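Quick notes on the structure that follows.
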Amino acid sequence: AVQGLEGADPGSSGIPSAEQEQSTVAAPSLAEQYLFRLSNKLKKRRTTGGAISLAAGAVLMAGGLAMSSQDEEDDFLALGELFGAMFIVEGGVGLVAGTVLLAFPSGAEKADARVRAVSDAVERERAAEEALGDLAKKGRRARMIQGGIGVAAGIAVIFAGGDADASGKLLYGASIGALAAYAFLAKSPEEKAYRSYQERRGLKPSPDLIL
């Protein structure tokens, strides 16, 4: 009996080898893979946008301070003070926006972290699929709101202020309307990710995400 054990395969002794233990670890499901890629994409966009906002805010702030500090003799129309104040405000907004972007993770990043914390593979896949659907709905809602605000702003610009410089107002209002149309028609990254996942799974698109 001892000789039989000595000649046996180590894997047949009932104790799993390291390779067998690794093979039992479930690979990420399709939903998890899509959620992970979406999280990484939005994280890169967030950090890049935050860095650009900080840099632009710093430049505007410095330029505004320089213009505001001009001597009255060099700025007899007081344009430096006016535009300097505008640049300082815009620079401050850029600095705040950049700081917020860098400090707070996106919804997809938070969802991915929550899903990764689930130990059970089946529950983790279900949580990832639900997260993709929820993120897609939120992305659609956000672009609808942005589009509605853009349409309202464009109409307000066109009809505000009487007939003064009507052509300029029309052009400006039309440009705002074009941006609003883009917000309505261009699907968010969250919607695209969920739609692609549904197509890979052979599922029909969700009725509330068609538009």
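Observations on the structure shown:
- For segment 119-130, 3J(HN,Hα) per residue [Karplus equation, 6.51 cos²θ - 1.76 cosθ + 1.60, θ = phi - 60°, Hz, x = Gly/Pro]: 7, 6, 5, 5, 5, 5, 5, 4, 5, 5, 5, 5
- Under 18 Å of direct C-alpha separation, and excluding same-chain neighbours fewer than eight residues apart, Lys110 reaches these lysines: Lys41, Lys43, Lys44, Lys137, Lys138.
Each reported figure results from applying straightforward, stated rules to the coordinates on display, with no laboratory input. Just so it is clear, the model here is predicted, and its values are computed rather than measured.
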